[in-house]
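Shown next, in structure tokens, is the structure this report addresses.
The values are calculated or read from the model by the stated rules, or taken from the named source; none is laboratory data. Bear in mind that the values here come from a model prediction, so they are computed numbers and not experimental data. FYI the Cβ positions are ideal-geometry reconstructions off the backbone, even for glycines, and counts take in every protein chain you see. These accessible areas exclude ligands, DNA and RNA; they are computed on the full protein's heavy atoms, side chains included. Shrake-Rupley method; radii C 1.70, N 1.55, O 1.52, S 1.80 Å.
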Amino acid sequence: GVHIAIDPGHIGGDYAKLEERWFQIGDNPPIQEGDMTLLTARIIKNQLIKLGAKVYLIRGSNTPVNPKRPDDYLEEATAKALALGKDDEKTISYYQNKFFYRTGEIRERARRVNLAFNPDLVLCLHYNAEAWGDPLKPELSDKNHYHVLLHGALTSNEIAHDDERYEMLIKILQRSHEEEKALGMYMAQSFAAITKLPAYEYTDANNRAIKADEVPGLWMRNLLANRIYQCPVIFLEPYVMNSREVHDRIQMGDYKGTRPVNGEQKLSIYREYAEAVVAALRQYYLDYRIIYQP
């Protein structure tokens with residue numbers, strides 16, 4: 001009986017390059033985060049439905065939820081470029097794309113969630129990455145880790161913005177943080193146990209993240225997606241897409257059962273991700289929710 005909305009991060013497909021969530025190693029199929037999150041979301045949805053949840057995918061394909069396109073943001077992008085003193089075509093085009101796929105897309109997804117579905121929880125699915133340089137000649141990394149994000153850690157500069165202050169107050173008045181925090185703890189512990197990955201540690205102060213209690217891998221950040229969905233939101237960032245092992249696992253695709261990965265039998269990376277999410281939710285709701293009686 002729990003209502004869960006799943007937000008497969010980014011768009012993917014023909015938009016993967018535009019949103020800078022694309023890279024390719026040699027002749028291998030390219031890595032596109034939006035495609036990966038959608039595949040993961042579908043697996044999670046099927047498993048949660050079997051457990052009795054009502055599940056809604058905020059997007060069901062590699063097409064934008066946002067009805068607008070970059071050309072529709074010309075006026076806003078031009079104003080932004082002028083404010084920065086960079087009134088050139090490249091800067092304007094950059095902000096047209098950014099306003100389209102980031103701000104506009106996320107706000108349209110929030111509109112659907114808040115007005116149409118009104119869930120008990122939103123799961124924002126992402127895959128992490130280290131800097132990869134040129135997408136055609138990306139740098140692979142030995143790093144691989146996970147972390148889970150809750151809403152919080154607003155700065156004084158952010159609160160000075162009318163929209164961010166208003167959205168912060170809605171989150172406070174809805175009192176969603178305590179459930180977010182409890183869910184986040186279960187989620188972080190589940191990813192640690194199932195993926196065997198180390199927890200990511202923010203070290204750059206510019207990331208504006210605050211560690212949540214003593215649970216490894218659980219942090220608070222003020223992101224648009226975890227601020228404007230008007231319910232508890234868990235934002236997931238497991239795996240480093242351009243790590244050597246993860247890149248190889250992505251090339252293996254999705255599959256049933258297990259296959260050898262560096263000497264160990266492992267699920268596909270998508271099913272391992274889903275297992276960590278579903279195990280955490282199942283245990284949380286067994287511990288904290290009265291069993292639903294239709």
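When you count, for each residue, the other Cβ atoms within 10 Å and take the mean per peptide, how do 157-170, 101-114 rank with the highest first?
Packing proxy ranking, top to bottom: 101-114, 157-170.
Can you tell which of L224, T63, L286 lies farthest toward the positive end of the dipole of the chain, using +1 and -1 charges on the Cβ of basic and acidic side chains (Lys, Arg; Asp, Glu)?
Highest projection toward the positive end goes to L286.
Would you tally the net charge around H147, using a Cβ to Cβ cut-off of less than 12 Å, leaving H147 out, and scoring K and R as +1, D and E as -1?
Spelling it out: positives minus negatives among the neighbours equals 0.
In whole angstrom, and with the biggest value first, how far do the Cα coordinates of segment 142-294 range along each principal axis?
51, 47, 26
Taking the solvent-accessible surface of protein heavy atoms with a 1.4 Å probe, what is the per residue accessible area of segment 116-179 in Å²?
Numbers: 3520 Å² over 64 residues.
I get 55 Å² per residue for segment 116-179.
Of all DSSP beta bridges located in segment 135-294, what percent are antiparallel, nearest 5?
Once the DSSP bridges in segment 135-294 are tallied, antiparallel ones form about 55 percent.
Based on alpha-carbon positions alone, could you give the equivalent ellipsoid semi-axes of segment 1-129 from the gyration tensor, as √(5λ), descending, whole Å?
31, 20, 9
Kindly work out what percent of the DSSP beta bridges joining two residues of the chain are antiparallel, to the nearest 5. List each step's numbers first, then the result.
Working: 9 of 29 bridges.
So the antiparallel bridges amount to about 30 percent of the total.
In nm, give the distance between the simple-model label positions of Y94 and L57, each being 7 Å from the Cα along the Cα-to-Cβ direction.
If labels sit at Y94 and L57, their model points lie 3.4 nm apart.
Placing one identical point scatterer on every Cα of segment 97-188 and ignoring solvent, what is log10 I(q)/I(0) from the Debye formula at q = 0.11, 0.17, 0.23 Å⁻¹?
-0.49, -1.08, -1.37
What order, most packed first, do the peptides 54-60, 251-257, 26-32 have when packing is the mean number of other Cβ atoms within 10 Å of each residue?
Output ranking for 54-60, 251-257, 26-32: 54-60, 26-32, 251-257.
Could you work out how far apart the two model spin labels at D27 and L169 are, taking each label as a point 7 Å from the Cα in the direction of the beta carbon, and quote it in nm?
6.1 nm
Counting each DSSP H run of 4 or more residues in the chain as -39500 (n - 2.57), what helix-only mean residue ellipticity at 222 nm follows after dividing by all residues, to the nearest 500 deg cm²/dmol?
After summing the helix terms and dividing by the residues of the chain, the value is -12000 deg cm²/dmol.
Suppose all protein chains stay in the model; what accessible area per residue would a 1.4 Å probe give for segment 190-294, in Å²?
Details: 5270 Å² over 105 residues.
Spelled out: the 1.4 Å probe surface of segment 190-294, per residue, equals 50 Å².
For the chain, what % of the accessible area comes from carbon and sulfur atoms, probe 1.4 Å?
For the chain, the apolar C and S fraction of the accessible surface comes to 50 percent.
Using only the heavy atoms of the protein chains and a 1.4 Å probe, how would L48, L74, L223 rank by accessible area, largest first?
Order by accessible area, largest first: L74, L223, L48.
Could you tell me the number of lysine pairs in segment 143-294 with C-alpha atoms less than 24 Å from each other, where the two lysines are 8 or more residues apart or belong to different chains?
Lysine pairs meeting both conditions in segment 143-294 amount to 11.
Please give the length that would be gained between N157 and Y255 if that part of the chain were fully extended, namely 0.36 nm times their separation in residues minus their C-alpha to C-alpha distance (nm, one decimal).
Residue separation times 0.36 nm, minus the Cα-Cα distance, leaves 30.6 nm.
Could you give the size of the charge dipole of the chain about its Cα centre, using +1 on the Cβ of each K and R and -1 on the Cβ of each D and E, expressed in debye and rounded to the nearest 20?
So the dipole magnitude of the chain works out to roughly 920 debye.
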